[in-house]
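Working notes for the structure below.
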Amino acid sequence: MNFLRNRLVVLGLVLLATVLLYLLLPSIRQGSMEPSLDVQRMGLVAVSPPPPPAINVSVRTGQLPGDPPLFFREALPVDGSGRQILPRLQVVLLHGQAFSSKTWEELGTLALLATNGYQALAVDLPGFGNSPDSDAVKTDQHRVDLLGRFMEALGVRTAVLLSPSMSGHYSIPFLMKHSAQLHGFIPIAPVGTRSYTPQQYQSIQVRAVILGGWDSGSSAKMSP
């Protein structure tokens with residue numbers, strides 16, 4: 001029962017993240033984190049996700065070789081007529097314990113990002129979805145290297161990284177070592193935050209939108 005409840009909570013946060021991506025990515029791209037009028041009005045009121053795009057967006061899949069191999073889904077940006085265009089930004093989406101890259105496709109997040117001009121890349125982390133488990137990701141450095149390998153192989157430069165719950169084991173160490181490679185960071189109740197001090201977080205210069213708080217007991221916040 002607790003597992004089901006936790007999964008529903010995380011899924012609700014993921015849905016909220018989809019809405020916030022739609023509302024906040026333009027301000028992140030422009031270098032400002034001033035909330036839009038829609039976000040200011042949101043408060044604690046439940047917000048429905050934006051309607052699915054009317055444009056037909058193709059989501060392609062692939063597998064990056066290596067140890068371990070990584071399965072991913074990608075939606076390329078398109079204009080109003082469905083023609084492929086250069087991306088405004090690249091968005092890399094990780095996932096939580098009970099989910100995979102397919103979750104982002106089923107929620108319509110990949111298509112939503114593509115129709116708004118963003119390249120969306122969702123990866124199956126090792127042991128989830130179509131990516132096999134591996135002993136090669138047992139340490140923070142190994143997980144940092146894995147994310148770096150994924151981004152380099154797919155030509156990702158200064159992306160917005162979205163990281164729910166369990167994927168904090170990957171994103172937080174990566175943030176600490178390679179924050180200069182990120183244009184923005186959207187953690188959704190990430191795990192692993194207490195491995196670092198508030199001073200370490202405050203030294204990071206990356207735009208962040210934090211959803212659902214950090215691990216219990218952590219009060220660290222990143223600089224805007």
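Number of residues in the stretch 156-185 that are surrounded by fewer than 24 Cβ atoms within 10 Å (Cβ to Cβ) and part of a strand (DSSP E or B) equals 4.
Results for (1) touching a His at 6+ places or on another chain (Cβ under 6 Å); (2) closer than 20 Å to residue 60 by Cα; (3) acidic (Asp, Glu), shown as yes or no for each residue.
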| site | (1), (2), (3) |
| --- | --- |
| 91 | no, yes, no |
| 104 | no, yes, no |
| 109 | no, yes, no |
| 117 | no, yes, no |
| 122 | no, yes, no |
| 130 | no, yes, no |
| 135 | no, no, yes |
| 139 | no, no, no |
| 148 | no, no, no |
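Could you list, in sequence order, all residues of the stretch 140-149 that are surrounded by fewer than 20 Cβ atoms within 10 Å (Cβ to Cβ) and either touching a strand residue (DSSP E or B) at 6+ places or on another chain (Cβ under 9 Å) or not in a helix (DSSP H, G or I) (or both)?
Across the stretch 140-149, the qualifying residue is only 149.
The selection criterion, being modelled with pLDDT under 95 and farther than 16 Å from residue 94 by Cα, holds for residue 224.
In the stretch 92-100 there is at least one residue matching the filter, namely being modelled with pLDDT of 95 or more and closer than 15 Å to residue 76 by Cα.
Of the residues in the stretch 73-80, at least one is in a loop (DSSP other than H, G, I, E, B), touching a residue at least 12 places away in the same chain (Cβ under 8 Å) and open to solvent by less than 30 Å² (accessible area, probe 1.4 Å). Residues in the stretch 111-134 that are polar (S, T, N, Q), under 16 Å from residue 170 (Cβ atoms) and either open to solvent by less than 10 Å² (accessible area, probe 1.4 Å) or not in a loop (DSSP other than H, G, I, E, B) (or both): 131 alone. Apart from one condition, residue 190 fits all of (1) modelled with pLDDT under 95; (2) open to solvent by 10 Å² or more (accessible area, probe 1.4 Å); the exception is (2).
The values are calculated or read from the model by the stated rules, or taken from the named source; none is laboratory data. A quick note: this is a predicted structure, and the numbers were derived from the prediction, not measured. Counting neighbours? That spans all protein chains shown, and the Cβs are built from the backbone with ideal geometry, glycine included. Ligands, DNA and RNA are stripped out before the accessible areas are found, and what is left, the full protein with its side chains, is counted by its heavy atoms. Shrake-Rupley method; radii C 1.70, N 1.55, O 1.52, S 1.80 Å.
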